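Okay, so here's the structure we're looking at.
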Amino acid sequence: MQCFEALFPHLVLVETAICNFYGISMEDAAGDSTGMSFRVAYTSSREYASSDKKVLCTCLGSMLCSVVPGFRNSVEAALNGIGIRPRFVSLPSQAQENRIVISDLPEFEWSSILTMFGYYILVLFKIDSELFGNLMRSYPYSPLANRIDELKAKVGCHRNLIGIPLKAEAENSIRTMLGTHALRASVINFLMNNFNHPDPQICDLRVLTVMNERLVKTKSPVLADYRVKAEVDNLEETIKAIASHTYPQYFNHLCLVSELFYLDVSRFPTLFEVALELEKEVKGY
């Protein structure tokens with residue numbers, strides 16, 4: 001006779017684990033100017049990185065929410081989905097009863113916290129390792145190595161950060177266990193709503209959409225004009241780069257800094273101007 005699990009795999013209950021989720025309550029919020037909950041979660045993650053993936057995921061969720069509290073619902077839902085019931089530990093008021101010695105925590109300036117936050121965000125997304133094979137520097141075992149260096153340069157972090165990148169096994173566990181569609185969507189919405197590129201020459205994907213809709217899809221004769229051949233080549237190169245990305249619709253938010261040149265509107269100014277005029281005609285304005 002087949003066992004229950006074999007007959008009804010979708011009904012098998014996941015064993016619930018209770019894991020500490022570190023945060024700052026309303027009454028403690030005024031006292032958290034040092035990223036305390038992040039530092040506690042980071043310390044705990046270092047202890048359990050290789051031994052307990054559920055605790056690791058909970059700690060990572062705590063760190064994400066300590067920087068962006070708006071991730072809380074999506075993180076909790078993701079944790080519940082893998083059999084974790086977060087136990088909220090409010091800091092610093094509940095530190096003593098949870099045997100947390102605040103003075104023993106590592107000191108992090110915000111540039112370090114933001115670098116690690118950015119790295120943990122990237123871990124949630126599938127990264128094609130072969131894209132980074134020739135970019136390894138200080139961290140030869142992680143495809144995110146180059147991204148960490150870029151993040152450090154972006155936020156002015158000058159210290160060596162212990163604990164990132166994680167081993168590939170830990171990265172894969174986090175991505176599989178915590179990287180739900182809802183959480184990834186929350187992250188992407190946060191990025192799109194809060195981070196516009198400061199260089200006005202770097203366009204968003206709507207610029208490329210207009211050119212694609214009004215010139216490429218319609219096989220416009222403009223593309224065959226020898227006077228814009230260089231621009232057409234640039235546009236083709238950009239479209240190929242975006243299409244080959246793991247998340248093409250979010251290319252401008254998730255691409256390497258070195259890939260942003262693809263979105264420089266000065267590479268195809270005439271094509272964009274023509275496409276924009278055609279768009280106005282079609283839309284009637």
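With a Förster radius of 35 Å applied to the beta-carbon distance between Thr218 and His181, the computed FRET efficiency rounds to 0.55.
Using the Cβ-Cβ distance between Arg159 and Thr209 with R0 set to 45 Å, the FRET efficiency works out to roughly 0.65.
Of the peptides 93-105, 241-253, the order by per-residue mean of other Cβ atoms within 10 Å, starting with the highest, comes out as 241-253, 93-105.
Computing FRET efficiency as 1/(1 + (r/R0)^6) for Ile18 and Ala241, where r is the C-beta to C-beta distance and R0 is 35 Å, gives about 0.15.
Over all distinct Cα pairs, what is the inverse of the mean 1/r for region 205-283, reported as the Kirkwood hydrodynamic radius in Å? About 12.9 Å, per the Kirkwood formula over Cα pairs.
Extension gain for the segment Val257 to Val282, taken as residue separation times 0.36 nm less the Cα-Cα distance, is 5.5 nm to one decimal. Distance between the modelled labels on Arg87 and Ser111, one decimal in nanometres: 3.8 nm (7 Å Cα→Cβ projection).
Would you please put 69-78, 221-230 in order of how densely packed they are, using the mean number of other Cβ atoms within 10 angstrom per residue and starting with the highest?
Values: 69-78: 17.8, 221-230: 12.5.
So the peptides 69-78, 221-230, ranked by packing, come out 69-78, 221-230.
Strictly over 27 Å apart at the Cα level, which of Lys217/Lys280; Lys152/Lys240; Lys54/Lys167; Lys219/Lys280; Lys53/Lys240; Lys219/Lys240 would you flag in this model? Lys152/Lys240; Lys53/Lys240, as the Cα separations exceed 27 Å there.
Every number here is computed from the coordinates shown, using simple stated rules; none is lab data. Please read all numbers here as calculations on a predicted model, not as lab measurements. FYI the Cβ positions are ideal-geometry reconstructions off the backbone, even for glycines, and counts take in every protein chain you see.
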